[in-house]
Every structure is written in C-alpha cells, then in structure tokens.
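The values are calculated or read from the model by the stated rules, or taken from the named source; none is laboratory data. As the structure is a computational prediction, the values presented were derived from the model and not from experiment. For neighbour counting, all protein chains shown are included, and Cβ atoms are generated from backbone atoms with ideal geometry for every residue, glycine included. Each accessible area value is taken on the protein alone, full model and side chains, heavy atoms only, with ligands, DNA and RNA left out. Shrake-Rupley method; radii C 1.70, N 1.55, O 1.52, S 1.80 Å.
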Amino acid sequence: MTQATDAVKPHPLLLWSLITLMTVFWALNPPIGKVALAHFPPMLLIAIRTGIAAILILAVFLARPEQRKPIQAGDWPRLLFLTLGLQIGNQVLFVNGLSRTSIAHAAFLYALVPIVVLLMAAAAGQEKVRVKKLLGMAIAIGGVMLLASERGGGSAAPTLAGDALAFCAVACFSGFTVLGKSERARYGSLTLTTLAYVSGALALQPVIWGWYGDFALLEVPWQ
C-alpha cells in the first residue's frame, strides 16, 4: 500500500513559507485568545473554534480524495486517543490555561514545545539530542523569556493554575506530534487533522447547546 510519505514533497520555499505562516498564526493565538475570552466562557470558545475549524478542514478533506486513506478498524482507538484526546485536549487545556494566566506566560510556555517534542522524540528513539539543537533552542527560549519579561498593562496576572494548564497543553501537543508520527506516515496529516477537529466538534456540541444554549451570541462585539 502506498503511504503518505511516498507523496511528492513540496518545494523548500513553499515549505518554509507555510511554516512561517503557521508560526505567525501560532503567535497570534494568545493575544487574540485573550480578546475572545473577554466575551466568551473558555469552554464555549473552544467549542465554537473547534466547530468552525471542523467545517473548514472537512471541506478540504472532501475536496482532496487522493489524500484520503481508509482507516483500519483496529486503529480507531489509537487514532481517537491521538486526535480527540491529545490534539483537542491540548486546545481545551490551552484556552482554559490562557483564561487564567498572562499572555506572556502562555507565549513562553508554548515556546517550550520544540524542546518537549525533542525530548519526547529522543525518548522514543526518533531523534538524537545534539548540542547544536539544544543551543539553538536555548537561544530561542532566551529571546522569548526576554520578551515575556516586559510587563504590559492590559494582560491578566499569571496564576500557577493557569500556567499548569498551559504546560499540560504543551505536553499534549508534543505527545500528539511524537506519538502521531507513524500514523501520519500511514494515513497522512490531512486525515488526522480532519479526524481531530470533526470528532472534537461532535464531542463539544453539548457545550454549545447544553451548557451555553442561552448564550447571547449576537451581543458579542465585533472585536
């Protein structure tokens, strides 16, 4: 059976452009999340964003049948643990952590993702911890710490509970990245991402219609 890794690799310029765009979106997460959390309860915000993401990624998934791989019955428990448990769990923990800590702390903790991924991958035998890698990450983390040390007037004060939730989100995302490597090779990133958001959107429907069914959505300001 042809695996996803047999597909033609994108041009390096395209690849690095997409990585840069992803980094920009990732960096916007904490400040935009803080604005949204001023008007939405954390769990409702998670349910809405997961639902919107599910619709968008499902449209891409259906439009690209050549990337779809039939999932073997015995793989479903493992895939649901990776996608619904770790990937959506990461978002639940991150948004709830962000609601209880500062933007600076959330940004710093998420900057630890590459290091946690490297350590997990090394423990799983997927990577080797080399001095150059650690030095590069140390420089990057130092820059984030320097930026995070600047105190802004608009950000909420950090709390231990918020920082702990954000770090657990980092652990979940790192676990998804490392443990899902073989599954991405087998089924492709598009299938795993679609499964994560569609299953997450379905699981979070009771939050929208049950817990916050009477939420005044039309009263939320445009920001």
Sorted by accessible area with a 1.4 angstrom probe, largest first, how do Thr50, Thr20, Thr159 fall? Thr20, Thr159, Thr50
Given a 1.4 Å probe and every protein chain left where it sits, what share in percent of the accessible area of the chain is carbon and sulfur? 71 percent
Given an 8 Å cut-off on Cα distances and at least 6 residues of separation, report the relative contact order of region 58-154 as a percent. 25 percent
Note down the accessible area of Arg64, probe 1.4 Å, to the nearest 10 Å². 100 Å²
Give the accessible surface of region 90-137 per residue, rounded to a whole number of Å², with probe radius 1.4 Å and ligands, DNA and RNA excluded. 50 Å²
Would you mind getting me the FRET efficiency between Ala38 and Arg64? Use the beta-carbon distance for r and R0 = 30 Å, nearest 0.05. 0.20
Label Leu146 and Gln72 with points 7 Å out from Cα along Cα→Cβ: what is the distance between them in nm? 5.0 nm
Assign one of three labels to the chain, namely rounded, prolate or oblate, based on the Cα gyration tensor with a ≥ b ≥ c the square roots of its eigenvalues; rounded applies when a/c is under 1.5, prolate when it is not and a/b is larger than b/c, and oblate otherwise. oblate
Quote the FRET efficiency, to the nearest 0.05, computed for Phe25 versus Arg130 with a Förster distance R0 of 41 Å and r equal to the Cβ-Cβ distance. 0.90
About its Cα centre, the chain carries a charge dipole, from +1 on Lys and Arg Cβ atoms and -1 on Asp and Glu Cβ atoms, whose size in debye to the nearest 20 is 640 debye
Solvent exposure ordering (accessible area, 1.4 Å, most first) of Glu66, Glu219, Glu127: Glu219, Glu66, Glu127
List the relative contact order of the chain as a percent without decimals, with contacts defined as Cα pairs under 8 Å and 6+ residues apart. 39 percent
Per-residue accessible area, 1.4 Å probe, largest first, puts Thr23, Thr177 in the order Thr23, Thr177
